[in-house]
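Accompanying notes for the structure given below.
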Amino acid sequence: MSWAKRILRVNLTAGTCTEEPLNMDWANQYLGQRGLATKYLSEEIDPKVDPLSPDNKLIIATGPLTGTAAATGGRWSVITKGALTGAIACSNSGGFFGAELKFAGWDMVIFEGKSAKPVYLLIQDDDAKLVDASGYWGRTVWDTEKGLKAEYQDPQLRVASIGQAGEVGVKFAGVVNDLHRAAGRSGVGTVMGSKNLKAVAVRGTKGVQVNDVDAFLKATREAKTVLAENGVTGEGLPALGTQVLMNVINETGALPTHNHKDVQFAGASDISGEAMQEPRRSDGKPNLTRNGACFGCTIGCGRISTIDPTHYTVKDREQYQIASGGLEYEAAWALGAANGVNDLDALTFANFICNEQGFDPISFGATVGAAMELYEMGVITTKETGGIELTWGNAQALTTLAELTGRGEGFGAEIGLGSKLLTEKYGHPDLSMSVKGQEFPAYDSRGIQGMGLTYATSNRGACHLRSYTVASEILGIPEKTDPLSSDGKAGLVIAFQDATGAVDSSGLCVFTTFAWSLDNIAPQIDAACEGEWTVDRLLEVGERVWNLERKFNLDAGFTGKDDTLPKRLLKDAAKTGPAEGKVNELGKMLPEYYALRGWTPDGVPTNETLDRLVL
Amino acid sequence: MEKALVLDAGKCTGCEQCEIACSMENEGVSNPAKSRIKVFNFHDEGRFVPYTCTQCDDAWCMQACPVDAITVFSATGAKVVSDALCVGCKVCTIACPFGTVNYNPASGKVIKCDLCGGDPACAKACPTGAITYTDAAATGYAKMKAWAKATDAGQQASA
């Protein structure tokens, strides 16, 4: 119940689709989605494998609450060894694809091997088959989804696919579903492309059963009320989306700009959630057309945006004069503040291209930022860029590079390497603002200390979604801590990491935790799933998931030395704002973190810890 | 007092909680494929439109049914399909001008909105107030109120 208890194994080399029962022992230990798929991956691949070799596997996974009536119960993930990082990768997405996979009666799909020619997987309830995708290879996500729906005369088909970015080997390509929802980070789309797998199209009509219908409806209704009555999930996110944060974080002195040289951006208000609501001069319409929700989501933080039809990016280009996925905070930061670009329409266009061609706007924008710094230093010139003037704040350079990167052309192919390889190539590796090769998201860890430890210890490289201490340090959820102090942050980060590990394994969206604690979540899982699911058990699942991911990375060759931050954040003090004079105090927090985790001073889980967690 | 489902596309975010609630209420399973209400996503326009049976007074489905399986439930005015009588001929799906009567291959019967006997699950589940169950004699009340506010000349008059 609530688990479909079936997985689909697709061998791309042999071209076969096989049904298997879900390992319920593992489901009881890892719940689902992120945790359960990481368990399968760990058992089935050598962590030292080249991410782009056929021996890497790619798992599409749902949680037990995916497809149920639980608010935000539409999440699904892609788990693999990441192309950008070489670390364990788990990229989470919303939209409607994950629920549809559950409706078809599958918890997970495991892809192994590599197809000799481009294929896509078609799932219609119990039937699954690989189909020749040569007609879709070279096409965008938008064209592929439209084409598949037309081909099968089924507008209700849900599609997750890669764009050209995943085909041409952009290191940070993602998997995009429902046109603008993405498993965006760590290069999971690059792995999918390396397997010659273009898309997964699914239609499910079987539905999802929960264990105790009455208890489940009671628990989910109560929890929905909590979301509705909360200021962040009931008002802030529906009205402004995650972009509610742009001005707030800028004022905090934690909005990195110009490749993290500064922590406040003069143009922040121009690209904020508030700016997205202002009528523009040309047609009197705002950038924000409306908010939109993922499956089952009662928050509705999604942005649906329309670009000014007279803007240089879309003039005479009808395919972009539509309403589609607009700027989330992370994308607005990476495409805008990170590079000093304050043109809202240009950012929205670049974001459209990221969706259309399937690549991560965070890594893309941050890599452009690193390239702009190299350009300012004279290390890169118009000779390398093919004539593009990579000056800070150049919107035209940004949008041109978005198009080139998506197709893997010209200097876009170099941006597609990601900031680590790009800065190494030009002899300045310190200018890559990344951890384990993955670029930072939108919080400067000098102004929000806990995020430094979060980034440094994140198993998938720099990431805000593994322990969002911003909730505590800035928003005061569940309690306010001082963003400029590193005291007590080790314990805080661990608590957030473990709780998030459980939420990511359930099928729920981590944004619910602005309002929900595990006390609200446990009763929903308990009613949906067989067995008893308490808060303590969920925390144990989260800790187990965290340690399993850690173990995978250690086996892959990472060590405690990789739990670090770029010199800029550890040595160069913030120049302005409340964080002025601060660096990140990682050296103070990390030993405490290791000790609290039950790891050695080198960052290795002790045998005692592994035994306790049955690992 | 007869009540009606009022659907306001302007408030719909496309979350499908109504579809989940409908299938849970009527089929005991979360399954939009068995929902009697459907949210349409007009992507390029950024519009989400919930859509279901309007319970026509002059109900063509009811008139077309050759075996009289569709009758009026007097308490709500809903046109209700009797599973015992329905033979699954689908004539009603052809007769309905709006497409809101649909065939369920699993049961071999047609399914349509029956207003959940007077307590529609979709309206209760909608998080944005896009679906309400209100006075059938004033289904345009919210729109009237909005226009009344927009066209209110009170301030100028008193100035």
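Structural remarks
- The one condition from (1) within 14 Å of chain A (Cβ to nearest Cβ); (2) of a type in the set (D, E); (3) open to solvent by 20 Å² or more (accessible area, probe 1.4 Å) that B:D83 does not meet is (1).
- The lone exception for B:K112 - which of (1) open to solvent by 10 Å² or more (accessible area, probe 1.4 Å); (2) modelled with pLDDT of 95 or more it fails: (1)
- The residues of the range A:569-588 that are in contact with a helix residue (DSSP H, G or I) (Cβ under 7 Å, 6 or more places away or on another chain) and under 19 Å from A:E439 (Cα atoms), listed by number, are A:L569, A:L570, A:V583, A:N584, A:L586.
- Residues in the range A:129-155 that are free of Cβ contacts under 8 Å to residues at least 24 places away in the same chain and part of a helix (DSSP H, G or I): A:D143, A:K146, A:G147, A:K149, A:A150, A:E151.
- For the range A:119-128, the set of residues classified as within 29 Å of A:S42 (Cβ to Cβ) and part of a loop (DSSP other than H, G, I, E, B) consists of A:D126 only.
- Lone qualifier among B:A142, B:A157, B:A123 - being surrounded by 11 or more Cβ atoms within 10 Å (Cβ to Cβ), modelled with pLDDT under 90 and not in a loop (DSSP other than H, G, I, E, B): B:A142
- Among residues of the range A:489-499, those that are closer than 19 Å to A:G32 by Cα and either open to solvent by 10 Å² or more (accessible area, probe 1.4 Å) or touching a residue at least 60 places away in the same chain (Cβ under 8 Å) (or both), counted: 3
- Looking across the range B:1-39 at every residue that is in a strand (DSSP E or B) and more than 9 Å from chain A (Cβ to nearest Cβ), the one that is farthest from B:Y103 (Cα to Cα) is identified as B:K3.
Matching residues to (1) at positive phi; (2) within 14 Å of chain B (Cβ to nearest Cβ); (3) in contact (Cβ under 8 Å) with a residue 24 or more places away in the chain:
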{"residue": "A:V263", "(1), (2), (3)": "no, no, yes"}
{"residue": "A:A275", "(1), (2), (3)": "no, no, yes"}
{"residue": "A:K285", "(1), (2), (3)": "no, yes, no"}
{"residue": "A:R303", "(1), (2), (3)": "no, yes, yes"}
{"residue": "A:Q321", "(1), (2), (3)": "no, yes, no"}
{"residue": "A:L335", "(1), (2), (3)": "no, no, yes"}
{"residue": "A:A338", "(1), (2), (3)": "no, no, yes"}
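- Meets criteria (touching a Pro at 6+ places or on another chain (Cβ under 7 Å), away from chain A (no Cβ under 14 Å) and either of a type outside the set (K, R) or assigned to a helix (DSSP H, G or I) (or both)) for B:C89: yes
- Members of the range A:310-345 that are open to solvent by 50 Å² or more (accessible area, probe 1.4 Å) and either more than 25 Å from A:E439 (Cα to Cα) or hydroxyl-bearing (S, T, Y) (or both): A:T310, A:Y312, A:K315, A:D316, A:R317, A:E318, A:Q319, A:Q321
- Put simply, of A:A254, A:A293, A:A275, A:A268 the only residue that is among the hydrophobic types (A, V, I, L, M, F, W, C) and within 19 Å of the chain's Cα centre (by Cα) is A:A293.
- Residue count for the range A:305-319 under the criterion of being within 30 Å of A:G231 (Cα to Cα) and more than 9 Å from chain B (Cβ to nearest Cβ): the result is 1.
- Residue within the range A:346-368 that is under 27 Å from A:R281 (Cβ atoms), more than 20 Å from the chain's Cα centre (by Cα) and open to solvent by 10 Å² or more (accessible area, probe 1.4 Å) present: no
- In the range A:370-423, the residues that are open to solvent by 10 Å² or more (accessible area, probe 1.4 Å) and within 15 Å of A:Q357 (Cβ to Cβ): A:T400, A:E403, A:L404, A:R407, A:G408, A:E409, A:G410, A:A413
- Checking B:I94 against (1) open to solvent by 80 Å² or more (accessible area, probe 1.4 Å); (2) within 12 Å of chain A (Cβ to nearest Cβ), the condition it does not meet: (2)
- Tally, over the range A:576-606, of residues that are open to solvent by 40 Å² or more (accessible area, probe 1.4 Å) and closer than 14 Å to A:R550 by Cβ: 5
- The residue that is nearest to A:V583 (Cα to Cα), among those in the range A:500-516 that are open to solvent by less than 30 Å² (accessible area, probe 1.4 Å) and among the polar types (S, T, N, Q), is A:T500.
- Test: residue in the range A:280-290 that is assigned to a helix (DSSP H, G or I), crowded, with 17+ Cβ neighbours inside 10 Å and in contact with a strand residue (DSSP E or B) (Cβ under 8 Å, 6 or more places away or on another chain): no
- Residues that are within 13 Å of chain A (Cβ to nearest Cβ) and over 13 Å from the mean Cα position of the chain (by Cα), drawn from the range B:103-123: B:Y103, B:N104, B:P105, B:A106, B:S107
- Applying the condition of being out of contact with any helix residue (DSSP H, G or I) (no Cβ under 8 Å at 6 or more places or on another chain) and polar (S, T, N, Q) to the range B:40-58 and asking which residue is nearest to the other protein chains (Cβ to nearest Cβ) yields B:N41.
- Restricted to the range A:128-148, and to residues there that are of a type in the set (K, R) and under 25 Å from A:K114 (Cα atoms), the residue that is surrounded by the fewest Cβ atoms within 10 Å (Cβ to Cβ) is A:K129.
- Members of the range B:40-66 found to be out of contact with any Cys (no Cβ under 8 Å at 6 or more places or on another chain) and either open to solvent by less than 20 Å² (accessible area, probe 1.4 Å) or part of a loop (DSSP other than H, G, I, E, B) (or both), listed by number: B:G46, B:T54, B:C56, B:D57, B:D58, B:A59
- Of the helices (runs of 4 or more DSSP H) lying entirely inside the range A:156-258, those containing at least 3 residues that are within 14 Å of chain B (Cβ to nearest Cβ), touching a residue at least 12 places away in the same chain (Cβ under 8 Å) and open to solvent by 40 Å² or more (accessible area, probe 1.4 Å) are A:213-229.
- Residue that is nearest to A:W3 (Cα to Cα) [pool: residues in the range A:517-562 that are surrounded by fewer than 22 Cβ atoms within 10 Å (Cβ to Cβ) and among the aromatic types (F, W, Y)]: A:F552
The values are calculated or read from the model by the stated rules, or taken from the named source; none is laboratory data. Computed from a prediction, not measured in an experiment: that's the story for all the values here. Don't worry about glycine lacking a Cβ; one is built from the backbone with ideal geometry, like all the others, and counts go over all protein chains shown. The accessibility values were calculated without ligands, DNA or RNA, using every heavy atom of the protein model including side chains. Shrake-Rupley method; radii C 1.70, N 1.55, O 1.52, S 1.80 Å.
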